[in-house]
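Notes to accompany the following structure.
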């Protein structure tokens with residue numbers, strides 16, 4: 001049976017065929033084959049197509065979870081305006097679950113990609129930008145009580161986003177240990193406030209983790225000309 005390397009054509013111009021679909025590695029390589037080799041060639045082609053289709057099907061799962069989080073983010077604005085704390089808390093928890101599952105499922109299924117990381121970051125940033133406004137609508141006393149800390153965190157967030165676009169010309173996606181903890185604490189403190197009321201310990205611990213995470217991201221962006229793909233901490 002011909003291999004990838006020996007499917008070289010004995011009769012150029014006969015039976016031109018594209019081995020793989022567009023977008024798959026090697027898809028731009030057109031091969032011609034001898035009629036006697038047509039069965040083997042079709043077996044290779046069918047196997048490649050099935051592998052490609054399986055990869056695309058597996059990618060649907062994490063991308064669908066991220067898409068669901070973006071949809072939930074839009075819906076959360078409606079319940080924030082309506083001051084429906086309980087429904088908001090339920091949907092906010094659902095958004096947190098999708099945040100935990102999309103990256104995990106991508107790694108588990110072996111379909112982690114640059115687009116998936118960008119898409120996940122987009123959903124996270126939409127949530128992060130929305131959070132101060134949601135606090136303002138739903139828990140105005142928290143906004144006034146922790147105003148300085150919230151403003152400082154927002155400034156750090158805008159600074160990091162701006163530096164990422166100016167220096168690297170894209171929205172950066174960090175996989176730091178501290179950023180994972182910060183994401184969890186963000187969900188915890190907001191749900192705590194909605195369900196049980198204000199708690200200084202919960203808020204300031206969450207804020208401290210957020211400050212540390214933003215500091216790490218800032219140091220990494222200033223230190224490197226190209227962000228290492230597997231960096232997990234700055235200090």
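The values are calculated or read from the model by the stated rules, or taken from the named source; none is laboratory data. Just so it is clear, the structure is predicted and the values come from calculations on it, not from any experiment. So basically every Cβ, Gly included, is an ideal-geometry build from the backbone, and we count neighbours across all protein chains shown.
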Checklist outcome for this item: Per the filter on the range 94-108, residues over 17 Å from residue 175 (Cα atoms) and surrounded by fewer than 16 Cβ atoms within 10 Å (Cβ to Cβ) are 94, 97
Next on the checklist: On the basis of being touching a helix residue (DSSP H, G or I) at 6+ places or on another chain (Cβ under 8 Å), surrounded by fewer than 17 Cβ atoms within 10 Å (Cβ to Cβ), at pLDDT 90 or above and more than 27 Å from residue 64 (Cβ to Cβ), does residue 149 make the cut?
Outcome noted: yes
Checklist entry - Among the candidates 221, 185, which residue alone is more than 18 Å from residue 99 (Cβ to Cβ) and buried (at least 18 other Cβ atoms within 10 Å of the Cβ)? => result 221
Item to check | Residue in the range 152-165 that is modelled with the lowest pLDDT, counting only those that are under 20 Å from the mean Cα position of the chain (by Cα) and surrounded by fewer than 14 Cβ atoms within 10 Å (Cβ to Cβ) | outcome: 165
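Residues checked against (1) at pLDDT 95 or above; (2) outside any loop (DSSP other than H, G, I, E, B); (3) under 30 Å from residue 193 (Cβ atoms); (4) under 27 Å from the mean Cα position of the chain (by Cα):
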residue	(1), (2), (3), (4)
12	no, no, no, no
25	no, no, no, yes
39	no, yes, no, no
44	no, yes, no, no
69	yes, yes, yes, yes
Item to check | Among the candidates 118, 134, residue that is out of contact with any strand residue (DSSP E or B) (no Cβ under 6 Å at 6 or more places or on another chain), surrounded by fewer than 19 Cβ atoms within 10 Å (Cβ to Cβ) and either in a helix (DSSP H, G or I) or at pLDDT below 90 (or both) | outcome: 118
Next on the checklist: Name the single residue that is surrounded by the most Cβ atoms within 10 Å (Cβ to Cβ) among those in the range 198-214 being within 15 Å of residue 179 (Cβ to Cβ) and touching a residue at least 40 places away in the same chain (Cβ under 8 Å).
Outcome noted: 210
Checklist outcome for this item: Matching residues in the range 76-86 (surrounded by 14 or more Cβ atoms within 10 Å (Cβ to Cβ) and in a helix (DSSP H, G or I)) number 5
